[in-house]
Structure formats: structure tokens, C-alpha cells
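Here, each number is a calculation from the coordinates, and none is a lab measurement. As the structure is a computational prediction, the values presented were derived from the model and not from experiment. Reconstructed Cβ throughout: ideal geometry from the backbone, glycine too, with neighbour counts over all protein chains shown.
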Amino acid sequence: MITITLIRNKQNSKAVTGTIAFPLMGKEGETKTFEFPTLENADFIIPAGTYPVERTWSPKFKKFLPLIDNVPDREGIRIHRGSIPEHSKGCILLNMAGMSHIDVLFNQLDYIEENAQIEIIDPCTA
């Protein structure tokens, strides 16, 4: 099981910012962690915890994107590109570089038939 980690570090009335880190497997089996800023809509924030993640087809974006499963009382929570809270209703937003790396990660996971999960950590619960 591969774990993607989101550590939230700041919240205001419009957004929550944090850092997302995930391993990429190199040809020699070494693991590197990349960190990218994330942004979530504070009114629909995902509760801290660990959730399974799978890459599925998004009818809205018309492409494969990571889907976060088992979020209490929520469906369709994705990791996708965006830069302002209005781009999301609780999804985790990444910049273009972050999405490129998450695509590489899921391509590798598909190849080795590995599963993924996301661990979301709030500073007050860490």
C-alpha cells in the first residue's frame, strides 16, 4: 500500500493550505518524496484520517483522476488541478507540477498493481 500524505498547516475563512507528499518509485527502487502546495474549500473540508484512493474516470474533467473513497457523507472527492477555493467543493487542489507527479505515481501503481491511500493530518490532531 502506497501512502500519500497531506499535512494541513494553515486555515482561514476561504481555504486550507498544506503540503502533499507522495513517493515515486525509480528504476533502482529508490523512493523520492515531492511536496506541493494544496488548497481546499474550508466549508467542505475532508476530516483528518486515512482514506483509500483510486484513479477513476471523472465525467466532469473528462480524464482519469484520483478519487478519495469513504469520506463521511461525501462522494466524488478528487485530487485535481486548481488554484483558488472556487475551483473546488472539498477536493484537494494541486498545481500543474503536482498533477504531473501524481499522474506518474498512479501510472506506476497501475503497472505494479499496488493500491494507494491518503492520510490527512491536521496540525491540531498531529
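The alpha carbons of the chain give a radius of gyration and a Dmax of 13.8, 44 Å, in that order. Against the chain, whose longest principal axis is taken from its Cα atoms, helix 96-112 shows a tilt of about 50°.
Whole-Hz Karplus values for region 15-23 come out as 8, 10, 10, x, 10, 10, 10, 8, x Hz, taken residue by residue from phi with 6.51 cos²θ - 1.76 cosθ + 1.60 and θ = phi - 60°; glycine and proline positions read x. Along the chain, the longest continuous region that contains none of the trypsin sites (Lys or Arg not before Pro) in a DSSP loop with at most 10 other C-beta atoms within 10 Å is 63-126. Approximating the spin labels as points 7 Å out from Cα along Cα→Cβ, the residue 1-to-residue 87 distance works out to 3.0 nm. Given the options 95, 45, 106, identify the residue whose Cα lies farthest towards the positive end of the charge dipole of the chain (+1 on Cβ of Lys, Arg; -1 on Cβ of Asp, Glu). It is 95. Our helix-only sum for the chain, with -39,500 (n - 2.57) per DSSP H run of n ≥ 4 divided by its residues, gives a mean residue ellipticity at 222 nm of -4500 deg cm²/dmol.
Multiplying the residue separation of residue 57 and residue 100 by 0.36 nm and removing their Cα-Cα distance gives an extension gain of 13.8 nm.
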